[in-house]
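Since every read-out is calculated from the coordinates, none of them should be taken as a lab result. All figures in this text were calculated on a predicted structure; none of them were measured in a lab. Glycine gets a Cβ as well: all are built from the backbone with ideal geometry, and neighbour counts include every protein chain shown.
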């Protein structure tokens, strides 16, 4: 980190093909330090942890999120930015838009508008969408929508034109009105019939879509046209806070925040394999990413007075099949 930067609040993280870490930070929540400046919302670090450059923030022609959530780089190299600000609770506006930039921060496109979302049937705007994925096979952007809505919505990645959407179990999207969902008071059977913060979504190499339905403590799996396939739920502790695949060609494992660590799940069978525990990792975290070497990156961990992100070095699997 540049010596003159305040320690940032790190919301999101992703690793690009060169192994660089792209951190999405929230300047409004940087550590207070009058002797230092607030860094840019998007900070890029090389594989050795050295700061390369940064960009982002309000500019002409687009509405920058009031509360930055995550950045995602698609197969064409474009960077998608999402936000989660809730009007009246965290800022004067709702972040109901998704932005698209080049990797040097040049604005390309905005889908939706700030403070404009009208609910689950609105095909023009979102309601605090936390994450996106873009399919290289269909050139469609899949949006987890989100903190306010209860759906996965799919649009053309070049034009932003609406194509389709669905809710939990592949049914029409619906659910309660809220700023941020709370965990249900009890969990039974398959759980709620609606998404409660579909927080992260991942597209696998074999064309499946995995959705971390955070407050419902479950991962749901869909085909790309929204057909529900299966789910894995764990109700005994916070579960499915985030998602990452192992980097092998088969994407053998899923990593997700669970309790005070990271769960390892067999992706094909959706069976729980084991846990990763690490010093200082005392919450399920906010976002997870992996690099080509299998190292794990997690944000939202509790490191007082410092940037709240960690890298965990992959050292193989133990005899019991648990990650070290």
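Label-to-label distance, residue 156 versus residue 179, with points set 7 angstrom from Cα along the beta-carbon direction: 3.8 nm. The alpha carbon convex hull volume per residue for the stretch 58-240 rounds to 111 Å³.
Once the Cβ-Cβ distance of residue 293 and residue 205 is raised to the sixth power relative to R0 = 22 Å, the FRET efficiency obtained is 0.75. Taking only the alpha-carbon positions of the stretch 106-201 and ignoring solvent, what does the Debye formula give for the base-10 log of I(q)/I(0) at q = 0.22 Å⁻¹? Each listed q maps to, in turn, -1.14.
Rounded to whole Å, the principal axis extents of the Cα atoms in the chain read 53, 49, 40, largest first. Test of understanding: extend the Cα→C-beta vector of residue 187 to 7 Å, then name every residue of the stretch 210-230 with backbone N under 19 Å from that spot. Answer for this model: 210-222, 229-230.
Counting every other Cβ atom within 10 Å of each residue's Cβ, 135, 114 order from fewest to most as 135, 114. Computed packing ranks the peptides 226-236, 140-150 as 140-150, 226-236, most packed first, by mean other Cβ atoms within 10 Å. In this simple spin-label approximation, residue 248 and residue 260 carry label points 7 Å from Cα along the Cα→Cβ vector, and these lie 3.0 nm apart. What separates the Cα centres of the stretch 73-122 and the stretch 215-290 is a distance of 25 Å.
Extension gain for residue 46-residue 225 works out to 60.8 nm (0.36 nm per residue, less the C-alpha to C-alpha distance). Gain in length, residue 89 to residue 283, computed as 0.36 nm per residue apart minus the alpha-carbon separation, to one decimal in nm? Full-extension gain reported as 67.5 nm. The relative contact order of the chain comes to 11 percent, based on Cα pairs under 8 Å that sit 6 or more residues apart.
For the stretch 58-240, the relative contact order works out to 13 percent when only alpha carbon pairs closer than 8 Å and six or more residues apart are counted. Could you work out the relative contact order of the stretch 177-300, using alpha carbon pairs under 8 angstrom and six or more residues apart, expressed as a whole percent? For the stretch 177-300, the relative contact order is 16 percent.
The modelled label-to-label distance between residue 16 and residue 136, using points 7 Å beyond Cα along the C-beta direction, is 1.6 nm. Taking a point 7 Å out from the Cα of residue 109 in the direction of its Cβ, the residues of the stretch 48-87 whose backbone N falls within less than 13 Å of it are 74-81.
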